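Structure first, then comments.
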Amino acid sequence: MFDPSSSLKDFVVSRLLPKVQMPAQYVGGESGAIVKGPAAPNGKPLGRVCLAFPDRYSIGMSHHGLQVLYAAMNRRDDWACERVFAPDVDLEQLLREHEVPLWGLETFTPLYQFDVLGFTLQYDLCCTNVLTILDLGGIPLDTEERTLEHPLVIAGGPGTANPEPMARFIDLYVVGDGEESLPAVCDEWRRLKATGTDRESMLAAMAARFPFVYVPRFYEPQQHDGRPAGVRPTRPDVPTTIEPAVVDDLDAAPLPTSPVVSFVECVQDRIAIEIMRGCPGRCRFCQSTTLKRPLRFRSVETIVQAAVESYQNTGYNEISLLSLSTSDYPDLEELLGRLYEIFRPLGVSVSVPSLRINERWRTLGNLLNTDRHGGLTLAPEVARDDMREQVGKKIKNEDLYEGCRIAFENGFSRVKLYFMCGLPGERLTDLDGIIEMSESISRLGKEVTGRNPTVIANVSNFVPKPQTPYQFNAMQRREYFAEAREYLYQRKRMRSVHLKCHGIDASLLEGVLCRGDRSLGQAIEAVWRAGARFDSWAEHFRADLWWQALGETGIDIEQSVHTPYAIDASLPWDHIAIRQGRGYLVDEQTRSAAQLAGMHPGP
């Protein structure tokens, strides 16, 4: 049993880590990690914030946003920022057996001793891992049970699009861009804490001061016609609508050019540079398109300088240019030319993910670097032009095929395609098109290279996400996805084409979690106590635990997931604003319905 008066680090390293898989992910000390003492240069105590990513270290360390916020807070002389990730099940068991608190990687400080604990809610199925981190960190799960002795528990990321399901566990949500809003929230919390006031008053002051801050305890859920609706403020001094924080000048926002370099293999072991934020597209299914507005760019000079500094500080042999739609960066040809000139002699490759298929895509195949990579990733989403027009993705099949031809001519030998199944108005011909497109690209590759390239068709199940024009739509039922999946497998003929369909239970649960209201909190805690962990990982996902917990806590899945909303209905997440406003979502949904009505029904 751990003695709290002894060294936590010594106990963990000598007694626990020899018994777990991949112990290097729990010790910190990586290149680029920043360890600060207890005091600032002026002698005053440092504020301490720990950034929590509720998934495995290998996933969290690959998340660019975590590196951005880590660098932003550690640039401050008056704050020290650390990291924590969800421990795997082997370490969790040992921590509970020996009553050892979970710690920040930089100094092995228990989580309950930080001023602020900040979660990134990147995807819905990681919600139970949030509870694991809180509980192991010695922090009460329920916000109402926390005192001034506990950290302020905040959360940001895409999960703020609908914060209600996790509202009972999070003190305060930060909506929008985090580079400027996170330091502001941390500073204000520390200032208020020094005044000696109570936690409730401090949270109210935070909600009143920052338009991008949402404190769930000051809002009361509403119902309309027996369905969850929006929320109503219970205090006059908190805003009715939460406005997202926006970094206006992206080019001036510092990039993390000395990122933490992991000891262990991660999903993305490369230099990541965000070249633009936002997307010019208007895909009606895409949550990122609405949450990341407005469209902003970094200059070529800023990006090149960041790439050089990052390479010197890390030694990585790959640079990835990040954005929602890299092919829409206005100076992409110039940027690629500059990067190739500098990095090709060094044996460093440049990868360009998130390519949007448009007329410009036809010419990009000649610019893409294939020194190390033979794979190309594209997201047509649907395979028919008329259906793609309806979902708001204005690309043409002829552009896709011509771009693939040029890519094959330049050495690409593998293509990964992303499609969706279950979109509003989907026809049998749209499912046929997934196979036809995949096999056509493989045949095209053989025409160019003499052999069939591997084509991987990834098919996900459409979930109508909050803050998108399709938020008013219902999600298809289990039977539909199962039949569509079987149909696709029967239609495939070519061995060079590989079909991968996303799990149906995981997709349905994602629909429940992203479209639910505050009543889901009870079910989330119940399934966590029943043993649910790492639900986004197939080897850990226990659908039976979830459906049992949801049934026992009275969650009406048919109503929340499979029943559409009227266009003028109040939705559980309406209090979270987007830059375009709710009217934009209504207009786009109305246009979609009109286009659907005019489409050929197909076979």
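The values are calculated or read from the model by the stated rules, or taken from the named source; none is laboratory data. Quick caveat, the model's predicted, so the values are computed rather than measured. For neighbour counting, all protein chains shown are included, and Cβ atoms are generated from backbone atoms with ideal geometry for every residue, glycine included.
A few comments on the model shown:
- Just one of the listed residues (Arg414, Arg443, Arg388) is touching a strand residue (DSSP E or B) at 6+ places or on another chain (Cβ under 8 Å), surrounded by fewer than 17 Cβ atoms within 10 Å (Cβ to Cβ) and charged (D, E, K, R), and it is Arg414.
- Taken over region 553-570, the criterion of being surrounded by 13 or more Cβ atoms within 10 Å (Cβ to Cβ) and either more than 30 Å from Ala530 (Cα to Cα) or among the charged types (D, E, K, R) (or both) is satisfied by Asp556, Pro564, Tyr565, Ala569, Ser570.
- Top-ranked residue of region 448-468 - restricted to ones that are farther than 22 Å from Ser536 by Cα and either out of contact with any Phe, Trp or Tyr (no Cβ under 8 Å at 6 or more places or on another chain) or free of Cβ contacts under 8 Å to residues at least 24 places away in the same chain (or both), ranked as surrounded by the most Cβ atoms within 10 Å (Cβ to Cβ): Val455
- Residue that is surrounded by the most Cβ atoms within 10 Å (Cβ to Cβ), among those in region 120-138 that are of a type in the set (Ser, Thr, Tyr) and at pLDDT 95 or above: Thr128
- Answer from Ile154, Ile170 - the residue that is at pLDDT 95 or above, in a loop (DSSP other than H, G, I, E, B) and either in contact with a Leu (Cβ under 8 Å, 6 or more places away or on another chain) or not small (Gly, Ala, Ser) (or both): Ile170
- Region 105-119, residues that are surrounded by fewer than 20 Cβ atoms within 10 Å (Cβ to Cβ), touching a residue at least 40 places away in the same chain (Cβ under 8 Å) and in contact with a Gly (Cβ under 7 Å, 6 or more places away or on another chain): Pro110, Asp115
- Scanning region 204-234 for residues that are hydroxyl-bearing (Ser, Thr, Tyr), crowded, with 16+ Cβ neighbours inside 10 Å and outside any strand (DSSP E or B) gives no hits.
- Residue that is more than 22 Å from the chain's Cα centre (by Cα) and on the phi > 0 side of the Ramachandran plot, where the choices are Gly425, Gly392, Gly433: Gly425
- Residue in region 19-38 that is more than 30 Å from Asp269 (Cβ to Cβ) and outside any loop (DSSP other than H, G, I, E, B) present: no
- Within region 156-199, tally of residues that are surrounded by 19 or more Cβ atoms within 10 Å (Cβ to Cβ) and either closer than 30 Å to Leu509 by Cβ or among the small types (Gly, Ala, Ser) (or both): 25
- Of the residues making up region 182-193, none is modelled with pLDDT of 95 or more and in contact with a Ser or Thr (Cβ under 6 Å, 6 or more places away or on another chain).
- Residue among Glu309, Glu301 that alone is modelled with pLDDT of 95 or more, part of a helix (DSSP H, G or I), within 27 Å of Ser58 (Cα to Cα) and out of contact with any strand residue (DSSP E or B) (no Cβ under 9 Å at 6 or more places or on another chain): Glu309
- If you go through region 434-452 and keep only what is over 18 Å from Ala383 (Cβ atoms) and not hydroxyl-bearing (Ser, Thr, Tyr), you end up with Lys446, Glu447, Val448, Gly450, Arg451, Asn452.
- Checklist (1) within 19 Å of Val350 (Cα to Cα); (2) surrounded by fewer than 19 Cβ atoms within 10 Å (Cβ to Cβ); (3) among the aliphatic types (A, V, I, L, M); (4) out of contact with any helix residue (DSSP H, G or I) (no Cβ under 7 Å at 6 or more places or on another chain) applied to Val247, failing item: (1)
- Residue match in region 86-104 (condition: surrounded by 18 or more Cβ atoms within 10 Å (Cβ to Cβ), under 30 Å from Ala194 (Cα atoms) and in contact with a Cys (Cβ under 8 Å, 6 or more places away or on another chain)): yes
- Qualifying residue in region 369-378 (condition: surrounded by fewer than 21 Cβ atoms within 10 Å (Cβ to Cβ), among the hydroxyl-bearing types (Ser, Thr, Tyr), at pLDDT 60 or above and not assigned by TED's automatic domain parsing to the domain that holds Ser327): yes
Results for (1) closer than 20 Å to Glu402 by Cβ; (2) in the same structural domain as Arg296 (by TED's automatic domain parsing); (3) crowded, with 21+ Cβ neighbours inside 10 Å; (4) modelled with pLDDT under 90, shown as yes or no for each residue.
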{"site": "Tyr316", "(1), (2), (3), (4)": "no, yes, no, no"}
{"site": "Ile319", "(1), (2), (3), (4)": "no, yes, yes, no"}
{"site": "Leu322", "(1), (2), (3), (4)": "no, yes, no, no"}
{"site": "Asp331", "(1), (2), (3), (4)": "no, yes, no, no"}
{"site": "Leu335", "(1), (2), (3), (4)": "no, yes, yes, no"}
{"site": "Arg338", "(1), (2), (3), (4)": "no, yes, no, no"}
{"site": "Phe343", "(1), (2), (3), (4)": "no, yes, yes, no"}
{"site": "Gly347", "(1), (2), (3), (4)": "no, yes, no, no"}
{"site": "Leu364", "(1), (2), (3), (4)": "yes, no, yes, yes"}
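- Where helices (runs of 4 or more DSSP H) fall entirely within region 520-576, those with at least 3 residues that are aliphatic (A, V, I, L, M) are at 520-529, 543-552.
- Taking every residue in region 518-530 that is on the phi < 0 side of the Ramachandran plot and surrounded by 21 or more Cβ atoms within 10 Å (Cβ to Cβ) and pairing it with any residue that is assigned to a loop (DSSP other than H, G, I, E, B) and among the aromatic types (Phe, Trp, Tyr), at least 6 positions away or on another chain, the pairs with Cβ-Cβ distances below 9 Å are Gly521/Phe169; Ile524/Phe169.
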